[in-house]
Structure formats: structure tokens, C-alpha cells
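Shown next, in C-alpha cells, is the structure this report addresses.
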Amino acid sequence: MPELTKLEPITASVDPSQSQGLYPIREVARLTGINPVTLRAWERRYGLIQPTRTESGHRLYTVRDIEAVRQVMGWLERGVAVSKVAELLARSTSSGCVSQPLMADEHGQWQVRIRDALSDFNEPELDRLYGQIFSLYPVESVFQSILMPIWHQLLRSQDEFGRTSEWLLFDNFLRARVQHRLHMQPVDASHRVLLVALPDMCRELQLLVAGLLLSHSDRVVRVLAVGQPLDELPLICEKVMPQAVVLFAHQVLGAAHQRRLVRLAQSLECSLALAGEASNGAQEALSGASIVCLGSEARLMNQRLESELTASI
């Protein structure tokens with residue numbers, strides 16, 4: 001099986017001080033699965049990416065540009081119109097979700113090493129890299145900037161021979177380790193939160209990672225199994241007595257989902273919040289309901305949830 005493509009910067013015929021960490025459009029297309037025609041269209045029509053140019057006019061992309069391409073792909077897969085993506089990217093940048101160039105390049109190098117371990121099906125090496133990354137970065141950077149982008153990329157490229165096996169290895173590896181960390185939460189935390197997946201709106205690992213990102217020293221997050229019926233949540237809340245229920249969805253919500261959430265909020269005795277990519281596009285639609293939209297970025301999710309828990313005391 002061929003190895004996953006490595007990020008190898010080119011040395012173009014430009015000023016050497018400006019050519020470090022730059023990638024030609026063919027390399028970006030191979031890394032992301034987006035063909036050059038589409039990449040050019042995203043630049044010209046929508047201004048989603050702004051690559052640098054050589055003196056002869058050839059496009060060169062930075063690590064941040066490649067990450068932006070992956071973000072665009074993610075939004076489109078969730079049903080967001082391409083004309084709306086630029087606004088969402090700008091919002092992410094202003095809230096601090098996009099890494100600084102140096103940090104993005106550093107994260108990219110870790111991703112290369114992880115992809116090498118996956119292509120070799122070398123789980124001991126994968127475990128070693130996982131431990132090293134956790135010793136260097138906060139949990140939100142580990143998952144949002146390094147691990148989950150690889151997981152998404154493999155998920156999107158499963159039509160390529162061998163990629164499904166690599167994705168299954170990585171998915172199983174991460175689920176086991178995230179579940180272990182969730183089990184280590186303090187039992188005497190002052191706040192209890194239930195995290196529930198909206199039906200058919202996310203995968204198990206995405207839900208588990210959200211639970212880990214929302215956990216805190218004074219907050220224990222109990223993640224209910226994927227497939228949990230929403231109409232039985234009032235019964236569970238009567239038994240568990242959480243301070244808040246957080247619904248998680250990775251895809252854009254339709255009108256029917258929004259109406260269902262409003263009815264659910266009316267049936268619960270505790271706060272109801274929405275987290276994940278779905279909440280980024282649902283704030284306006286749910287503005288009149290008693291549902292807090294937490295967003296999808298770890299820092300913002302925690303700030304908004306903490307504010308809601310404090311207000312409910």
C-alpha cells in the first residue's frame with residue numbers, strides 16, 4: 001500500500017526567505033482531495049483562500065492555506081453553501097480558532113508523523129506519538145488542531161485503497177483513549193452535564209471528543225450513548241439531575257430539528273444547550289428559544305457553558 005503523502009515544502013524560484021513551507025497547487029490537491037480547478041474557483045469567486053504567487057504566476061500555499069481548505073471542505077460537507085463559508089471562516093479567525101503560522105506548521109509536522117504511523121499500521125508508534133503530543137499541548141490543541149483533522153481527512157478519502165483500514169485503526173485508537181480520559185473525571189465535581197448526540201448528526205468519536213473538551217475540574221460530563229432517544233431525556237434528567245443537557249451535532253440543522261429542540265427545551269427542568277458545528281449556524285434561528293448555542297471551538301464552548309451553569313445556580 002502506498003504511503004500517505006508527506007508535507008514536503010518546495011523550493012520555488014522565488015526569494016529563498018519566502019519559499020519555506022510553501023506547497024504547489026498539485027501538492028495541495030493531493031493532500032486534500034480537492035482538484036486544482038476547484039481550488040482556483042474558491043480563490044477567484046469566493047476569496048476563501050489567498051495563496052502567494054511566484055514571479056511567473058504559480059500559486060504557492062502555506063500550511064495555514066491547507067488548513068483553510070480542509071475547513072472549507074468540512075463546512076460544505078455539513079450542508080453550508082459555499083457563498084456562506086467565507087463569513088464562517090472569518091468568524092473563526094476573529095475568535096482565535098486559526099493557529100498562528102508557526103504553530104500551524106508545527107502541528108502539520110506532527111500530523112505527518114501520525115499519518116506515517118497509520119500508513120504502516122504501527123500502533124505502538126501511534127501510541128508513542130499520542131503521548132508526546134499530549135505532553136506538549138493542551139487538550140483542545142491536541143484534538144482540534146492535530147488529531148481530528150487527520151481523522152476527517154481519512155474519513156473523506158475512504159474511496160482510496162487502504163484508507164478505510166487506516167481510518168478504522170485511528171478511529172478505534174482514539175475512541176479507546178478518549179473514553180479512558182472521560183472515565184478519569186472527578187466524581188465530586190460541583191456541576192453535572194449530560195452530553196447527547198442528535199440522531200444521525202455525528203459519529204461516536206466526535207461526541208466523545210466534545211465531552212472531553214467540555215470536561216473541567218469542577219464539571220463532570222456524562223456522555224450518553226449514540227442513539228439515545230431525545231424523547232426519553234426528561235426521564236433520564238429526573239434520575240441524574242444534571243445542571244445542563246448539551247446536545248451535540250456536527251451537521252447543519254434543518255427547520256424540523258430546530259422545532260424539535262424548542263419542544264425539548266420546554267420539557268426539561270434544566271438548561272439546554274447546543275454544541276458542535278450545528279450551533280454555529282443555528283444561533284439566529286434559536287435566538288428566541290431558551291437554548292444556548294455554545295459553538296464548536298473548545299474555549300468558546302467552555303466559556304458559554306460556564307456562564308450558563310453559573311446563571312442557573
- Item | First in the range 103-124 and of a type in the set (V, I, T), second anywhere and outside any helix (DSSP H, G or I), Cβ under 8 Å, 6 or more apart | V112/K6; V112/L7
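So that you can scan it fast, the table gives a plain yes or no per residue for (1) of a type in the set (G, A, S); (2) under 23 Å from A90 (Cβ atoms):
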{"site": "L22", "(1), (2)": "no, no"}
{"site": "L31", "(1), (2)": "no, no"}
{"site": "V37", "(1), (2)": "no, no"}
{"site": "A41", "(1), (2)": "yes, yes"}
{"site": "Q50", "(1), (2)": "no, yes"}
{"site": "R53", "(1), (2)": "no, yes"}
{"site": "V63", "(1), (2)": "no, yes"}
{"site": "R70", "(1), (2)": "no, yes"}
- Taking the options L126, L60, name whichever one is assigned by TED's automatic domain parsing to the domain that holds R26 and either surrounded by 19 or more Cβ atoms within 10 Å (Cβ to Cβ) or modelled with pLDDT of 85 or more (or both). L60
- Query: Which one is nearest to R181 (Cα to Cα) among residues in the range 217-269 that are among the small types (G, A, S) and surrounded by fewer than 18 Cβ atoms within 10 Å (Cβ to Cβ)?
  - Reply: S217
- Can you find a residue in the range 266-277 that is out of contact with any Asp or Glu (no Cβ under 8 Å at 6 or more places or on another chain) and among the hydroxyl-bearing types (S, T, Y)? yes
- Message: Can you confirm whether L214 is buried (at least 18 other Cβ atoms within 10 Å of the Cβ) and not assigned by TED's automatic domain parsing to the domain that holds L174?
- Response: yes
- Item | Close pairs from the range 172-196: first assigned by TED's automatic domain parsing to the domain that holds V292, partner of a type in the set (F, W, Y), Cβ under 8 Å, at least 6 apart | L195/F248; V196/F248
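Yes or no, residue by residue, for (1) over 18 Å from the mean Cα position of the chain (by Cα); (2) in the same structural domain as M241 (by TED's automatic domain parsing); (3) crowded, with 20+ Cβ neighbours inside 10 Å:
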position: S271; (1), (2), (3): yes, yes, yes
position: E277; (1), (2), (3): no, yes, yes
position: L286; (1), (2), (3): yes, yes, no
position: S290; (1), (2), (3): yes, yes, no
position: Q303; (1), (2), (3): no, yes, no
position: E308; (1), (2), (3): yes, yes, no
- Note on the structure: Okay, helices (runs of 4 or more DSSP H) sitting entirely in the range 200-269 with 2 or more residues that are of a type in the set (A, V, I, L, M) and within 30 Å of D171 (Cα to Cα), I get 204-214, 233-240
- Item | Residue check, L207 modelled with pLDDT of 90 or more, within 19 Å of E308 (Cα to Cα) and either in contact with a His (Cβ under 8 Å, 6 or more places away or on another chain) or surrounded by 15 or more Cβ atoms within 10 Å (Cβ to Cβ) (or both) | no
- Message: Residues that are at pLDDT 95 or above and among the charged types (D, E, K, R): does the range 181-202 have at least one?
- Response: no
- Note on the structure: When the range 159-171 is checked residue by residue, the ones that are among the small types (G, A, S) and free of Cβ contacts under 8 Å to residues at least 60 places away in the same chain are S165
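The values are calculated or read from the model by the stated rules, or taken from the named source; none is laboratory data. All figures in this text were calculated on a predicted structure; none of them were measured in a lab. We place every Cβ from the backbone using ideal geometry, glycine too, and count neighbours over all the protein chains shown.
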